[in-house]
Every structure is written in C-alpha cells, then in structure tokens.
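Structure, as structure tokens:
No value in this document is a laboratory result; all are computed from the given coordinates. Model, not experiment: these values are computed from the prediction. Counting neighbours? That spans all protein chains shown, and the Cβs are built from the backbone with ideal geometry, glycine included.
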Ligand code: SAJ
C-alpha cells in the first residue's frame, strides 16, 4: 500500500513538497491553519506564486493523492514545514514548530518517522523529541524498542522561483536523533530526490543549513559594503565587481537595496544567538545588510533635492527578482519610509502582484503599471531586478533621475544617476 505522509504547513516549502511527494506515489495529507489556502488547494489551486506548481497541485488533487485540511491525520511520515522567524530581540521564535509538533502528538504511532524541514536553531530536533515524549510516555526513541519513533532534521534548501526543480535535484542533508532515524529518513528522501542524500546527526544538520544561509549573507554584505565604498569614491560598483570577478578565484555577489526574504535575513541570527561572542563576522554582515535600506532612502532624498516637486516611481516590491514574495522585503521597508516624506507622490509598480499588501494600502500609495509609473514620475527608484524591468526602454528614462539599487539600468551604481 502507498505510504501516507502528513505535512504540517502548506507554504512555500510545505506545498511544493506535498505536491512532489503526491506525484511520486505517496498519499499526502497537507495541513494548514489558513482556511482559504486549504480550500484553494482542495480545488486544485494555489495561494502562492511558484512557477509550474499549480499544474502539479491540480493533477495530484484530481487524482486524490493530495488533500488539504486544517487538522492532521494518522500517517507513516510526518513533515514539519512551518516558519521559524525571530522575535524583536533577534532570538529564534519556535512557537510554530512547537504548535506543529503539539498538533501531531495525538496521531503518532510506533514506527512513525517525524521530519523537521523548517530551518531551525541547533537543538530544535532534540526539543521536538522532548515535547513528544513528555506527552506520549507510551512512545520512545530507544533503538530496538517496539514503541520506537524516528525523528530527524532534513533542512529545506530550495530557492524560491526554482522550487520544483531544486526539490528533486538538490543534494539533501539528513541528521537523525540516532543512527536508525537517519537511515529511515535517507531511505524516504531517496525515493524522490535525484541529488545525493548526505547523512549526519541532527545538530550538524541544523547548523549546516544556518551556515549555508549565513555564508550567502556574509558574501552579499561584502557586495553591499563595496557599493557604499564605491559611492564615496565615485566608482561604478557594477563595473568594479565585473572586473574583479575575472580573477579565477574571485566571485563577488551583487549589491542591492538590502537582504530580504524569510531565510537569509533571519537564519544568521540563530547562530549569533547561540554563540554571540564567536560570531562577530556573521553579526557584522547582518548589520551591514540591514543598513542598506537606509542608505538607499538617503540617496533618494538627496536625489529629490533636484526637483521643486517630486513624484517617485518605486519599481519592485518583492524581496528578489521574478517572484511575488514580499516577506522581509527591503523594497517594502524603503517605500514605507519614503511615504513619510513624499506622501501622495509615490507610485509603485510591481508586475507580480495585483494588490498592495495591507501595510502599504493604508499609506496612500498607488499600485500602477510600470509604464504609468515611469511616465508620471521624475524620480525612479529601481528596487528589484525583475526581468520585466530589464525591458524598460532607456529612452523613457532620459529626462528622469534614476536611483538604481540593482544595477540594471545602464549599469549605474547606487548613486543619483541621471539618464542623459
Ligand atoms: N541578494 C542580493 N545579492 C545577491 C544575491 C541575493 O542582494 O547577489 C538578495 C536578494 O535580492 C534577496 C536576498 O538576498 O533579497 C536573498 O535572496 P537569495 O536568492 O540569496 O536567497 P533566498 O532567500 O531566496 O533563498 C535562500 C537560499 N539559500 C542559499 O542560497 C544559501 C535557498 O537555497 C534556501 O533554501 C532559502 O534561502 C531558505 O529557505 O533558507
């Protein structure tokens, strides 16, 4: 009989994982607290934007292999794919992992495999075991006992926009709370992952995911720091990076308006929290990246001094190119701050969304087409390097001032750039 998987959390990770598993012969029961999402999925539709995902969801729902619900059910394998944000003091917030664990506790049976996919601070997988065994004294994690359950961490590693491909093709890291948990989990992932499935323990798996995202954060911070140095020195940072990257062992990433999303701007804090004295570089990188939106805001204000009356077109709201995800987006932060000074005179173009998030809707800004925004504004702030914006005709910008934070319009550095 087909194995049954119960997935808690049907967001950017849980839903694609549910769809891929259902498409690979598993029976999947997906759980989410968002009733609208549950209803949409049961209709074969989706509540997030991810290329090709809706087609797969539609197929597996119509085949009866994926069903969404607000409550878990008994299953062979449980996957926790819920958010792990941080609190105001940058300490990890495990409330969603704890409530997801609590929600499956009544349904657990000996032999079940429980996998934490959420990016988590070191020690979380062990905490899950504690939470379960506190409530269920009839279960154990002792090897060779007949009431044994298996618990592992297998951090998700997929890139939004390429999730379906990366879910199958990326290598995975599996760390169980004991050897047998690791082995059972590897066996499970090998049924649908084409990449390597690498084995370690739970704590190393947890830190490996935090390390990957911190590595990227530190490297983006290097690019962002360079962009601010270049601004002082009147050097085009995009040209500089292109030239430096011709060295065979140099590969500098791209500067931008700051680092957004729910991962890279968050996960390094879990390392800083766990080892504050030792994580000086990681902590500094976070601060450099977090300082970039204010740098951009000041550049915009400086540019606005060129006009008696300024109308600003903010191009892009999402946290990176070609997606609709606005979570922790530096673009949103910048727009919000600009409304304090330029209220009523801000137009937003974001081709990937059809309505503004409520936090911006209250602020008197208008969502318009890219063409309209450019036509009406005298100051253009390019915040996201969407492919769509790369098609902008430079002629349409000839009489504007452009603050390009992504270096896509005529390779201008982040500085007041006049298109003449
Ligand atoms: N960014 C730059 N310059 C760059 C690259 C990115 O400013 O050169 C910015 C983006 O604009 C964005 C932020 O960084 O605001 C993060 O974007 P990203 O593409 O680097 O990463 P995410 O957050 O979409 O996905 C990351 C990935 N991790 C790594 O590449 C190490 C992904 O594989 C993880 O699965 C994901 O985090 C996650 O869920 O943890």
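Axis of helix 95-104 versus longest Cα principal axis of the chain: the two differ by about 30°, to the nearest ten degrees.
Taking 7 Å steps out from each Cα toward its Cβ at residue 372 and residue 322 produces label points 2.7 nm apart. Distance between the C-alpha centres of region 143-204 and region 238-282: 27 Å, rounded to the whole angstrom. Entry note, region 212-419: relative contact order of 22 percent, from Cα contacts under 8 Å with a spacing of 6+ residues. Taking Cα atoms only, the orientation of helix 124-135 departs from the longest principal axis of the chain by about 40 degrees. For the pair residue 233 and residue 70, a Förster radius of 60 Å applied to the C-beta separation gives a FRET efficiency near 0.60, rounded to the nearest 0.05. Packing, taken as the mean count of other beta carbons within 10 Å per residue, orders the peptides 337-345, 266-274 from highest to lowest as 266-274, 337-345. What angle do you read, to the nearest 10 degrees and between 0 and 90, between the alpha-carbon axis of helix 202-233 and the longest principal axis of the chain? Roughly 0 degrees, rounded to the nearest 10. Spacing of the modelled spin labels on residue 215 and residue 395, each 7 Å from Cα toward Cβ, amounts to 4.7 nm. The modelled label-to-label distance for the pair residue 387/residue 137, using points 7 Å beyond Cα in the direction of Cβ, is 6.0 nm.
Shape analysis of region 181-307 places it in the prolate category; the axes a ≥ b ≥ c from the Cα gyration tensor give an a/c of at least 1.5, with a/b above b/c.
Shape of the chain from the C-alpha gyration tensor: prolate (a/c of 1.5 or more and a/b above b/c, with a ≥ b ≥ c the square roots of its eigenvalues).
Taking the alpha carbon gyration tensor of region 122-237, multiplying each eigenvalue by 5 and rooting it gives semi-axes of 39, 18, 10 Å, largest first.
Listed peptides 321-334, 195-208 appear in the order 321-334, 195-208 once ranked by packing, highest mean of other Cβ atoms within 10 Å at the front.
Taking every DSSP helix (H) stretch of at least 4 residues in the chain, weighting each as -39,500 (n - 2.57) and dividing the sum by the residue count yields a mean residue ellipticity at 222 nm of -12500 deg cm²/dmol. Could you estimate the translational diffusion coefficient of region 23-122 from the Stokes-Einstein equation, with Rh from the Kirkwood formula over C-alpha pairs, at 25 °C and 0.890 mPa s, in whole µm²/s? This corresponds to a translational diffusion coefficient of 164 µm²/s. A straight chain from residue 353 to residue 95 at 0.36 nm per residue would run longer than the Cα-Cα distance by 89.9 nm. Once you order the gyration tensor axes a ≥ b ≥ c over the Cα atoms, which shape class does region 237-313 get: rounded for a/c under 1.5, otherwise prolate or oblate by comparing a/b with b/c? It comes out oblate by the Cα gyration axes.
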